[in-house]
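A short write-up of the structure that comes next.
The values are calculated or read from the model by the stated rules, or taken from the named source; none is laboratory data. A quick note: this is a predicted structure, and the numbers were derived from the prediction, not measured. With ideal geometry, Cβ positions are generated from the backbone for all residues, glycine too; neighbour counts draw on all protein chains shown. Heavy atoms of the whole protein, side chains included, go into the accessibility calculation; ligands, DNA and RNA do not. Shrake-Rupley method; radii C 1.70, N 1.55, O 1.52, S 1.80 Å.
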Amino acid sequence: MLDVEKIRADFPILKSETRGNPLVYLDNAATTQVPQEVTDRIVSHYAHDNANVHRGMHHLAHRSTEALETARQTVAHFVNAPDVDGVVFTRGTTDSLNMVAQGLKHLLDHSNKVVTSVSEHHSNLLPWQQVCQERGAELCVLPLDDNGDVDIEALECEFAAGNVSIVALTGCSNITGSVLPAETVAKACHDHGALFVLDGAQLMRHKRIDIQAIGCDYLAFSGHKMMAGTGVGVLVGPLASMELITPRDFGGEMVVKATEERGIWEKLPLRLEAGTPNYVGAIALGAACDYLSKMGRDEIARYEDELLQQAENRLQVVEGLRIIGAPKERAGVVSFTIDGVHPLDLCCLLDTKGIALRSGHNCAQPLLNYLGLESVSRMSPAFYNTADEIDFATEQINRASVMLRARSR
């Protein structure tokens with residue numbers, strides 16, 4: 001069992017107030033808060049160990065490089081990567097997905113297909129759109145089934161039609177919370193000779209991710225959605241898959257030798273980490289992985305599932321409220337609309353009570369268009385939230401919806 005009150009003490013921001021009310025932070029799908037020990041790790045590195053990595057021969061440079069490479073090992077262990085050299089630090093999930101799309105485009109031409117789905121975040125749709133347009137490949141977008149899950153039968157139909165080279169899907173929708181059966185998809189991809197790219201941005205905190213058990217070729221995720229800072233993320237995969245990626249960025253330490261005519265690239269992971277990396281961000285991500293492991297990743301997932309189920313149960317009593325999707329497995333988020341209430345108005349009114357929710361299209365416009373919506377409200381609890389906060393938030397959603405409908409009449 002998680003000691004939630006003790007955990008909350010690790011996050012100073014949770015003691016703060018918003019507009020004179022205690023902060024109730026329920027926008028964790030956008031960005032999680034950072035525990036003090038991760039902040040301390042950042043401060044400590046800048047105060048005692050800071051120097052550029054993989055470059056200098058002096059003592060601080062060695063210490064800083066060692067800290068970065070220790071973080072790489074920590075992340076590799078966190079996702080059970082088959083080889084630490086297959087862990088590449090990036091600026092975030094978006095950067096990771098752009099890196100893999102651009103790095104694999106040499107495999108594509110007019111005879112190939114890339115498969116994605118209508119439920120993707122823009123970050124796992126737009127890069128593939130651009131690459132397919134550039135290379136003349138066909139982009140196939142999977143629909144959803146009646147539950148709001150990605151239609152796996154439609155994926156099988158694409159395989160049966162042939163020429164699928166890459167499948168790129170989100171592990172967890174940031175709108176419906178639908179969890180992809182990633183192991184099933186990975187096996188189907190490999191049975192048909194396709195590469196599988198898994199967008200893990202919304203998945204990392206909600207499930208124990210084992211890249212070898214899943215069998216994906218590429219996993220992308222961000223630090224800021226799992227208790228680390230912004231501007232750092234990871235692209236990770238088996239070495240054989242990572243070796244297929246051609247460098248997108250050039251300069252810095254990604255080159256073994258440069259002449260006026262050409263460059264000879266470094267081995268992985270350095271050849272995909274051009275320039276000075278966000279090494280302090282990577283070190284903080286390693287600290288965040290340690291923190292999550294110490295808290296108990298299975299315990300975190302169970303508790304967050306309980307909070308999410310509580311939120312669903314409470315929200316169903318709100319007049320005119322419709323929860324988006326009914327997936328077989330939901331994690332992390334519950335999105336909803338309320339008849340006669342605009343999501344922006346609702347979330348602004350809740351903010352006056354100190355409650356932080358998300359409103360808008362949430363960078364998933366194709367999915368909302370598919371569902372006949374323009375925007376939604378979204379609640380996304382984390383393991384430092386409490387049952388009382390869920391109750392308070394749903395009570396205020398009910399009160400605010402009544403008020404907003406009355407004003408519109």
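Scan the stretch 94-120 for residues that are of a type in the set (Val, Ile, Thr) and open to solvent by 10 Å² or more (accessible area, probe 1.4 Å) and jot them down.
THR94, VAL118 - these are the residues of the stretch 94-120 that are of a type in the set (Val, Ile, Thr) and open to solvent by 10 Å² or more (accessible area, probe 1.4 Å).
Looking only at strands (runs of 3 or more DSSP E) that lie completely in the stretch 186-286, which have at least 1 residues being open to solvent by 10 Å² or more (accessible area, probe 1.4 Å) and aliphatic (A, V, I, L, M)?
The qualifying strands (runs of 3 or more DSSP E) are 195-199, 255-258, 263-265.
Scan the stretch 147-160 and give yes if some residue there is small (Gly, Ala, Ser) and free of Cβ contacts under 8 Å to residues at least 12 places away in the same chain, otherwise no.
Yes: one or more hits.
Name the residue that is modelled with the lowest pLDDT, counting only residues in the stretch 14-38 that are open to solvent by less than 50 Å² (accessible area, probe 1.4 Å) and either outside any loop (DSSP other than H, G, I, E, B) or touching an Asp or Glu at 6+ places or on another chain (Cβ under 6 Å) (or both).
THR18
Could you list, in sequence order, the residues of the stretch 57-116 that are polar (S, T, N, Q) and at positive phi?
ASN80
If I filter the stretch 308-330 down to residues being more than 23 Å from the chain's Cα centre (by Cα), in contact (Cβ under 8 Å) with a residue 40 or more places away in the chain and in a loop (DSSP other than H, G, I, E, B), which single residue comes out as surrounded by the fewest Cβ atoms within 10 Å (Cβ to Cβ)?
Among them, the one singled out is VAL317.
Could you identify the single residue in ARG314, ARG322 that is over 14 Å from THR176 (Cα atoms) and either at pLDDT 95 or above or of a type outside the set (Phe, Trp, Tyr) (or both)?
So the residue among ARG314, ARG322 that is over 14 Å from THR176 (Cα atoms) and either at pLDDT 95 or above or of a type outside the set (Phe, Trp, Tyr) (or both) is ARG314.
Residue under question is LEU169, and the condition is that it be assigned to a strand (DSSP E or B) and either closer than 29 Å to SER293 by Cβ or of a type outside the set (Asp, Glu) (or both); does it hold?
Details: assigned to a strand (DSSP E or B): yes; either closer than 29 Å to SER293 by Cβ or of a type outside the set (Asp, Glu) (or both): yes.
Here the answer is yes, as LEU169 does meet what is asked.
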